[in-house]
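Novice: First the structure, then my questions, so here it is.
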Amino acid sequence: MPELPEVEHIVRALRAAIVGRRIVAAELKLKRTAPGTSKPAFSRMLRNALITGVSRRGKYILIELDANRLLTTHLRMTGKFICLTQDDDLPPYAHVVFHLDDDRRLVFCDMRQFGRMRVVANRHRLPPEILSLAPEPLSADFTEQYFRETLRKSRRSLKQLLLDQTRVLGLGNIYAAEALFLAGVNPMKSAERLSKARSEKLYRAVRDVLQEAIDAGSTLRIDLADGNGDYIGTSERFWRVYEREGEPCVRCGAKIRRVVHGGRSTYYCPKCQHN
Ligand SMILES: [Zn+2]
């Protein structure tokens, strides 16, 4: 499942591929992918739309269209965009097809069918799932003070709080574990009990792991023209604690532990993150 840094790279690839193109026709083949609309309404709302930009809020991909329209997409588990010519065969699980004015097709494939799209008629009236997101983690809106206040108001564990996109945006299971390790904080610690100094450390760690992953991801192979669909090349990322249960901690040599917390695997170093 792509996390924020991967989505950022998909956004950049899409921007290069489709901005300036016009959608000649849009076909919603699987109703469930865009539950808020009917198949004919989906086509009607997008016909002849000019693609003016591609951006991102959290893991939502925002395809900006003229007349203030917006197409939002969340990839969830297996959603992916592919750019094909008119002659290419449609890959399996092609649930939405956008015919572009340069004879290419932008295709949304999704094997598991959890990916979701929504056509927003007026981008100044964003849907609740986007309005409720916390500030963008690498923007100036995500301040140290905001982070500190958010922790102080929560009795949840830090791990659970960091995964709540309406409180702290951008961390999935991998980056939450990595940020907590970098800050030397125990994932099960209650958020409200973290000291000011350690909360500052965690704040910097959150931004650092995301920025580092975006920078490292510049080597990701995102080939939108790859009809086989697996457009994110296997990255050779090195995780410090994630999926390293039983291996020695890179900092102190103690064995990395895995516990199931809030239904998810949580990896941490019992020594560096003892409290
Ligand atoms: Zn350690």
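Novice: Treating cross-link reach as a plain straight distance, find the aspartates and glutamates whose alpha-carbon is under 17 Å from the alpha-carbon of Lys153, omitting any fewer than eight places away in the same chain.
Specialist: Counting by Cα, and skipping residues close in sequence, Lys153 has these aspartates and glutamates nearby: Glu144, Asp164, Glu192, Glu200.
Novice: Now a separate question. Based on alpha-carbon centroids, what's the gap between segment 253-270 and segment 6-74 in Å, whole number please?
Specialist: With segment 253-270 and segment 6-74 each reduced to a Cα centre, they are spaced 38 Å.
Novice: Give the accessible surface of the chain per residue, rounded to a whole number of Å², with probe radius 1.4 Å and ligands, DNA and RNA excluded. Let's see the in-between values first.
Specialist: Details: 13000 Å² over 275 residues.
It amounts to 47 Å² per residue over the chain.
Novice: Below 22 Å, Cα to Cα, which lysines can Lys31 reach? Residues fewer than 8 away in the same chain don't count.
Specialist: Qualifying lysines at Cα under 22 Å: Lys39, Lys59, Lys80.
Novice: Next question, about the same structure. Leaving out ligands, DNA and RNA, and with a 1.4 Å probe, what % of the accessible surface on segment 68-168 is carbon or sulfur?
Specialist: Values: 2310 of 4890 Å².
Answer for segment 68-168 is 47 percent, counting heavy atoms of protein chains only.
Novice: Could I ask something else about it? Principal axis lengths of segment 41-161 from Cα atoms, whole Å, largest first?
Specialist: 56, 32, 24
Novice: Which values of log₁₀ I(q)/I(0), to two decimal places, follow from the Debye formula for segment 19-64 at q = 0.28, 0.29, 0.33 Å⁻¹ with a uniform point scatterer at every Cα?
Specialist: The Debye formula, applied to the Cα set alone, gives -1.04, -1.04, -1.05.
Novice: Same structure, new question: So which lysines can Lys159 reach, going by Cα to Cα under 18 Å and dropping same-chain residues fewer than 8 places off?
Specialist: Lys189, Lys196, Lys201, Lys271
Novice: Along the Cα→Cβ direction, 7 angstrom out, place labels at Glu243 and Arg148. What is the inter-label distance in nm?
Specialist: For Glu243 paired with Arg148, the spin-label model returns 3.7 nm.
Novice: Which helices, counted as full DSSP H runs in the chain, have an axial Cα extent of no less than 20 Å and a Kyte-Doolittle average of -0.5 or above?
Specialist: Values: long enough: 4-18 (21 Å, 0.64); 196-216 (30 Å, -0.63).
Answer set is 4-18.
Novice: Calculate the all-directions average of the projected area of segment 1-44's alpha-carbon convex hull, and give it in nm². It would help to have the intermediate numbers written out before the result.
Specialist: Numbers: hull surface 17.3 nm².
Averaged projected area of segment 1-44's Cα convex hull equals 4.3 nm².
Novice: Hey, if we sort Thr166, Thr266 by accessible area with the 1.4 Å probe, largest down, what's the order?
Specialist: On the way: Thr166 50, Thr266 0 Å².
Largest to smallest exposure gives the sequence Thr166, Thr266.
Novice: Averaging over all projection directions, find the projected area of the Cα convex hull of the chain and quote it in nm² with one decimal place. Numbers along the way, then the final one.
Specialist: Details: hull surface 58.8 nm².
That works out to 14.7 nm².
Novice: For a label point 7 angstrom out from the Cα of Lys31 toward its Cβ, which stretches of segment 109-127 have the backbone nitrogen within less than 16 Å?
Specialist: Hits in segment 109-127 for Lys31 at 16 Å: 117.
The values are calculated or read from the model by the stated rules, or taken from the named source; none is laboratory data. Model, not experiment: these values are computed from the prediction. Note that each Cβ is placed from the backbone with ideal geometry, even for glycine, and that neighbours are counted across all protein chains shown. For the accessible areas, the whole protein counts, side chains as well, though only heavy atoms, and no ligand, DNA or RNA atoms are used. Shrake-Rupley method; radii C 1.70, N 1.55, O 1.52, S 1.80 Å.
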